[in-house]
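So the structure is just underneath, and the comments pick up after that.
The values are calculated or read from the model by the stated rules, or taken from the named source; none is laboratory data. Quantities reported herein were computed from a predicted structural model and do not represent experimental measurements. Positions of Cβ are backbone-derived with ideal geometry, glycine not excepted, and every protein chain shown enters the neighbour counts.
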Amino acid sequence: MALTFLSKITKPTAAEEQQTEKGEIFAVFPEEIYKTGELGLKDVISPAALEVNPSFLRLGEKFARTIFFFSYPRYLHTNWFSPIINLDKIFDIAMFVHPVDTSIVLRELRKQVARVQSQIQTREEKGLVRDPIMDTAYKDLEEIRDKLQQAQEKLYNFGLYITLYADTEEELNKNESQVKGILESKLVYTKPALFQQEEGFNSTLPLNNDNLLIHNYLNSSPISSTFPFVSFDLTSNKGILFGINRHNNSLILFDRFSLENANSITFAVAGAGKSYAMKLEIIRSLMFGTDVIIIDPEKEYGFLAQAVGGTNFNISLTSAHHINPFDLPPPREDESSADILRSNIINLIGLFRIMLGGLTPEEDALLDRAITETYASRDITPENDFTNMTPPLLSDLALILENTEGAESLAIRIKKYTEGTWAGFLNQQTNIDTRNRLVVFSVRDMEEELRPVAMYIVLHFIWNTVRAELKKRLLVVDEAWWLMKNEDGASFLFGVAKRARKYYLGLATITQDISDFMESPYGKPIITNSSVQLLLKQSPATIDVLVKTFNLTEEEKFLLLESEVGEGIFFAGLKHVAIKIIASYTEDQLITSDPEQLLLIKKAKEDFVKQHS
């Protein structure tokens, strides 16, 4: 038998078909053969198997059940459907709205009104007691007639179906019971589509096919309350741009000072963009008249300070910048000298606990008395006005301790901070001027052992500055876990968070180690005293702590695990949205900390200098 391949697809002629039957020609169509084995979109998205049961479908390894709504209460309030939409379950929802001819409806309503009115009159003639149900029905019918006649409302055939999914039939039954419980509490009733599960499933597919055809007559108002437009929108009339709402691409414009407190906290893994997001907020806050003070453990904010004309102080053992921990702020109108002095002594004892690795109760009492005597040696007492007086130094305290009975051990332990290499850091008068819109304290070059001490001293100095003059300020504490490692540092940070609102201050706490942060007894209180929370990409090792702390859903958990750089969840008060942080080109050049990008910027600068030299 001869085998002939046709060069193109053509329908065989009658002669060719006759020859084929005789075995003379065998026509093969290559493209048709290819198409018979071609993989289509339906083959890709279809489940491996489909089993149809009276009360559920089995799609591969998944179970599915479609339920329909058949009864609604007399009134439906706005967002009544929100609890179902926000359930932490997997389901599909289909809504079918079929318009009904108003003229036909009005004729039917006229008949219904006449029927109800006749029944009411009959009861009255018989002397029966008034039936509230009939009166309510008559009132509702007349009201809907008036609104339809005046074109204020329209009537529709409304079908609402939900297809639930689960891994087992037991889980499917449990999910259905949960949904029915929520709805029945609102007097909304559902049923499973028995023996119509295939039609129900097809109705909830995105094909716009209403195969169930189970409808209720609803007018415009209740239908509009059903639509699931319940995602939070954080666009306000004032504030700065934090990012883009990933749900609907709207702008997240927000003013942190509009909430009950202006504090924020940011959690993210290293490289997720937490410092990038903070720098972006700093730039935009400066444009709106907010002063910014930063404690920078990794020297990430120096270039930004230089670019905007800010001040950058390098705090280290060899630095020319010094802070005297005995400094006292001038008392405000609502504060007395005694209050200022007492508060500073308490904070100094907290500092010495960090410096000396803890204090016994006896040492605590001795140190309290010694610090009071040290201030008194400079005529700084609760009765005096010490506004223009020079505060004592750490060496003055060491001298008092040496001459105090029982304090010899404290004097020896403090001596390493007053003599030798470490003396230049603590035993000097303050020579720092913070009169600038942006002030950065960099502690990267401080030895790791002294870094918690340095951050505490800087934070205490900033707090005194904040208390001295009422002004709109933002205080940024990056890598706050350094402070949280010590209970006194965590306690002081919590005190700032609680009292910041009084001084028109917003505290922005940033950390990458949530486990260490939450192990502190002050971790949770600092979070609860922060009205704004930003959660960026998280690691699997710490995500469970975050889920428990912020009560996240499974979807939000996986969103944080799978987020790209600069993506996460933004909480503001009771609202929260998925956020994507976006900067303009100019902003990006100022705030980036990507090493590769920084090298490119450095090379571009060098090339520019060479070309113009």
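Couple of notes before you dig in:
- Of all residues in segment 501-536, those satisfying the criterion of being among the charged types (D, E, K, R) and surrounded by fewer than 18 Cβ atoms within 10 Å (Cβ to Cβ) are Lys502, Asp516, Glu519, Lys524.
- Residues satisfying the stated conditions in segment 467-486, i.e. without any contact (Cβ under 8 Å) to a residue 40 or more places away in the chain, assigned to a helix (DSSP H, G or I) and either out of contact with any Ser or Thr (no Cβ under 7 Å at 6 or more places or on another chain) or of a type in the set (Ser, Thr, Tyr) (or both): Leu483
- Scan of segment 213-230 for residues that are touching a Ser or Thr at 6+ places or on another chain (Cβ under 8 Å) and either part of a helix (DSSP H, G or I) or over 30 Å from Lys147 (Cα atoms) (or both), ordered by number: Ser225
- Residue match in segment 560-576 (condition: among the hydroxyl-bearing types (Ser, Thr, Tyr), more than 16 Å from Gly273 (Cα to Cα) and modelled with pLDDT of 85 or more): no
- Any chance Thr542 is of a type in the set (Ser, Thr, Tyr), modelled with pLDDT under 90 and not assigned by TED's automatic domain parsing to the domain that holds Lys89: yes
- Pairs meeting the criteria (first residue in segment 106-128 and surrounded by 13 or more Cβ atoms within 10 Å (Cβ to Cβ), second residue among the β-branched types (Val, Ile, Thr) and at pLDDT below 75, beta carbons under 9 Å, at least 6 apart or on different chains) are Leu109/Ile144; Arg123/Val129.
- Once segment 147-161 is narrowed to residues that are surrounded by 10 or more Cβ atoms within 10 Å (Cβ to Cβ) and part of a loop (DSSP other than H, G, I, E, B), the residue that is modelled with the highest pLDDT is Lys154.
- Count - residues of segment 503-536 that are acidic (Asp, Glu) and modelled with pLDDT of 90 or more: 0
- All positions within segment 466-482 that are within 25 Å of Glu335 (Cβ to Cβ) and of a type in the set (A, V, I, L, M, F, W, C): Val466, Ala468, Leu470, Leu474, Leu475, Val477
- Each residue in segment 58-117 was checked for being assigned to a helix (DSSP H, G or I) and under 17 Å from Leu160 (Cα atoms), and 4 pass.
- Ile144 vs. criteria at pLDDT below 70, exposed (fewer than 11 other Cβ atoms within 10 Å of the Cβ), of a type outside the set (S, T, N, Q) and assigned to a helix (DSSP H, G or I): no
- Between Ser515, Ser530, Ser491, the distinction of being among the small types (Gly, Ala, Ser) and in a loop (DSSP other than H, G, I, E, B) belongs to Ser530 only.
- Here segment 533-549 is the region considered, the condition is being charged (D, E, K, R) and in a helix (DSSP H, G or I), and the residue that is farthest from Leu561 (Cα to Cα) is Lys548.
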